[in-house]
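Q: Input: one structure, supplied below.
The values are calculated or read from the model by the stated rules, or taken from the named source; none is laboratory data. Note that the structure is a prediction, hence the values are computed from the model and not measured. Methodologically, a virtual Cβ is constructed for each residue, glycine included, from the backbone with ideal geometry; neighbour enumeration extends over all protein chains shown. SASA here: full protein model, heavy atoms, side chains in, ligands and nucleic acids out. Shrake-Rupley method; radii C 1.70, N 1.55, O 1.52, S 1.80 Å.
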Amino acid sequence: GCLTTRNGNLLFNNGCVDTLKINTPIVSVEGSLNHKLWSYSNGKYDWHKLEDLRDSDWVANQYGPTLFGNYENIDGYNNDSHKRTKFKYDFKKITPDLAYLFGLYISEGSCYKNKNNTGCMITISCGDDATPLFEKLGIKCNKYDNVHHCISSLDLMMLFEYVGFDLSKKASQKEIPINLMKMNKENTIALLQGLFDGDGYSDAVRGRVGYSSTSEKLIDQVHMLLLNLGLWAKKNKKTKERSNSYES
């Protein structure tokens with residue numbers, strides 16, 4: 001059912017304790033053994049401890065709390081160790097266009113930078129023409145073919161790192177920086193739009209929309225954001241000969 005915020009009535013401080021993870025067709029839940037979940041067990045709906053649940057029991061999957069953060073101020077990213085006196089880009093806060101770019105980078109982006117961090121090339125490999133987005137953001141972009149959008153900008157690299165990106169991560173390691181998981185609703189939706197425009201798909205025959213990635217952590221994060229928006233999503237794993245991919 002729909003989740004509402006509520007106060008807890010029990011507090012345990014046992015230090016480091018064992019945890020138990022249970023997987024349902026919709027979500028995975030992990031907690032201490034004495035953590036209680038609303039569930040159907042032994043013929044009764046009640047709050048049951050995780051350690052008492054069995055494979056045949058039913059656990060309530062909660063969705064739609066629509067709880068968002070307020071992370072948007074980024075006016076400090078140009079005060080870094082490089083001590084530069086002039087910055088080409090001077091973003092003060094995250095806008096939907098910038099959030100969309102972050103999502104597109106997670107799905108379709110890569111970054112090369114030299115060892116001294118004095119040079120950087122961010123590339124967005126996208127079949128659609130993304131130049132209107134860069135023009136709106138005032139970012140100079142070179143499109144060498146119908147796919148690769150290249151931005152040679154130390155400023156942009158610093159901005160990405162400031163909001164939490166590890167630009168060395170490959171596709172199977174991609175994740176949404178924790179700061180971007182705390183944005184407001186408008187920017188979160190724009191982030192998801194960028195993600196889905198990159199690695200999303202639609203299946204008209206089966207009547208479904210999905211997102212695919214080789215990064216399980218990224219899929220879990222997308223899954224969480226969709227559930228928070230009230231969109232019922234299911235996580236699937238596809239095993240191939242050399243790699244695994246996940247869908248939400």
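Q: Looking at Lys217, Lys235, Lys185 in this structure, which one is in contact (Cβ under 8 Å) with a residue 12 or more places away in the chain and in contact with a His (Cβ under 6 Å, 6 or more places away or on another chain)?
A: Being in contact (Cβ under 8 Å) with a residue 12 or more places away in the chain and in contact with a His (Cβ under 6 Å, 6 or more places away or on another chain) holds for just one of Lys217, Lys235, Lys185, which is Lys235.
Q: Something else about it: Going through Asn78, Asn23 one at a time, which residue ends up being within 26 Å of Leu133 (Cα to Cα) and modelled with pLDDT under 90?
A: Selected residue: Asn78, the only one of Asn78, Asn23 that is within 26 Å of Leu133 (Cα to Cα) and modelled with pLDDT under 90.
Q: Considering Lys240, Lys217, which residue is of a type in the set (Lys, Arg) and either touching a helix residue (DSSP H, G or I) at 6+ places or on another chain (Cβ under 6 Å) or modelled with pLDDT of 90 or more (or both)? Walk me through it before giving the result.
A: Working: Lys240 fails: either touching a helix residue (DSSP H, G or I) at 6+ places or on another chain (Cβ under 6 Å) or modelled with pLDDT of 90 or more (or both).
Unique residue meeting the criteria: Lys217.
Q: May I pose another question? What number of residues within the range 123-166 satisfy the criterion of being among the hydrophobic types (A, V, I, L, M, F, W, C), assigned to a helix (DSSP H, G or I) and without any contact (Cβ under 8 Å) to a residue 60 or more places away in the chain?
A: 5
Q: Output the residues belonging to the range 142-165 that are among the aliphatic types (A, V, I, L, M) and open to solvent by 10 Å² or more (accessible area, probe 1.4 Å).
A: If the condition is that a residue be among the aliphatic types (A, V, I, L, M) and open to solvent by 10 Å² or more (accessible area, probe 1.4 Å), then Val147, Leu154, Met158 are the ones that fit.
Residue by residue, here is whether (1) of a type in the set (Gly, Ala, Ser); (2) over 25 Å from Asn73 (Cα atoms) holds:
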residue	(1), (2)
Gly127	yes, yes
Glu135	no, no
Val147	no, yes
Asp155	no, no
Asp166	no, no
Lys170	no, yes
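Residues checked against (1) at pLDDT 75 or above; (2) more than 22 Å from Thr188 (Cα to Cα); (3) among the basic types (Lys, Arg):
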{"site": "Leu3", "(1), (2), (3)": "no, no, no"}
{"site": "Asn13", "(1), (2), (3)": "no, yes, no"}
{"site": "Asp18", "(1), (2), (3)": "yes, yes, no"}
{"site": "Tyr40", "(1), (2), (3)": "yes, yes, no"}
{"site": "Leu50", "(1), (2), (3)": "yes, yes, no"}
{"site": "Pro65", "(1), (2), (3)": "yes, no, no"}
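Q: Please enumerate the residues belonging to the range 170-182 that are open to solvent by less than 60 Å² (accessible area, probe 1.4 Å) and either touching a Gly at 6+ places or on another chain (Cβ under 6 Å) or at pLDDT below 90 (or both).
A: Of everything in the range 170-182, those that are open to solvent by less than 60 Å² (accessible area, probe 1.4 Å) and either touching a Gly at 6+ places or on another chain (Cβ under 6 Å) or at pLDDT below 90 (or both) turn out to be Pro177, Asn179.
Q: Under the condition of being polar (S, T, N, Q) and in a loop (DSSP other than H, G, I, E, B), which residue from the range 8-53 is farthest from the chain's Cα centre (by Cα)?
A: If we filter the range 8-53 for residues that are polar (S, T, N, Q), which is where we start, we get 9, 13-14, 19, 23-24, 28, 32, 34, 39, 41-42.
Remaining after also requiring in a loop (DSSP other than H, G, I, E, B): 9, 13-14, 24, 34, 42.
Numbers: Asn9: 31, Asn13: 30, Asn14: 31, Thr24: 21, Asn34: 29, Asn42: 37 Å.
The extreme case among them is Asn42.
Q: Would you call Lys185 modelled with pLDDT of 85 or more and open to solvent by 70 Å² or more (accessible area, probe 1.4 Å)? So that I can check it myself, show each step before the final result.
A: On the way: modelled with pLDDT of 85 or more: yes; open to solvent by 70 Å² or more (accessible area, probe 1.4 Å): yes.
Against the criterion (modelled with pLDDT of 85 or more and open to solvent by 70 Å² or more (accessible area, probe 1.4 Å)), Lys185 qualifies.
Q: Pull up the range 50-78, narrow it to residues that are within 14 Å of Pro25 (Cβ to Cβ) and of a type in the set (Asp, Glu), then point me to the one that is most open to solvent (accessible area, probe 1.4 Å).
A: Among those residues, the one meeting the criterion is Asp55.
Q: Can you name the number of the only condition in (1) over 28 Å from Leu226 (Cα atoms); (2) part of a strand (DSSP E or B) that Lys88 fails?
A: The number of the failed condition is (2).
Q: With the requirement that a residue be of a type in the set (A, V, I, L, M), in contact with a Phe, Trp or Tyr (Cβ under 8 Å, 6 or more places away or on another chain) and surrounded by 18 or more Cβ atoms within 10 Å (Cβ to Cβ), what does the range 102-141 give you?
A: If the condition is that a residue be of a type in the set (A, V, I, L, M), in contact with a Phe, Trp or Tyr (Cβ under 8 Å, 6 or more places away or on another chain) and surrounded by 18 or more Cβ atoms within 10 Å (Cβ to Cβ), then Ile122, Ile124, Leu133, Ile139 are the ones that fit.
Q: Identify, please: which residue in the range 100-122 is outside any loop (DSSP other than H, G, I, E, B) and among the polar types (S, T, N, Q) and is, among those, farthest from Leu218 (Cα to Cα)?
A: Among those that are outside any loop (DSSP other than H, G, I, E, B) and among the polar types (S, T, N, Q), it is Ser110.
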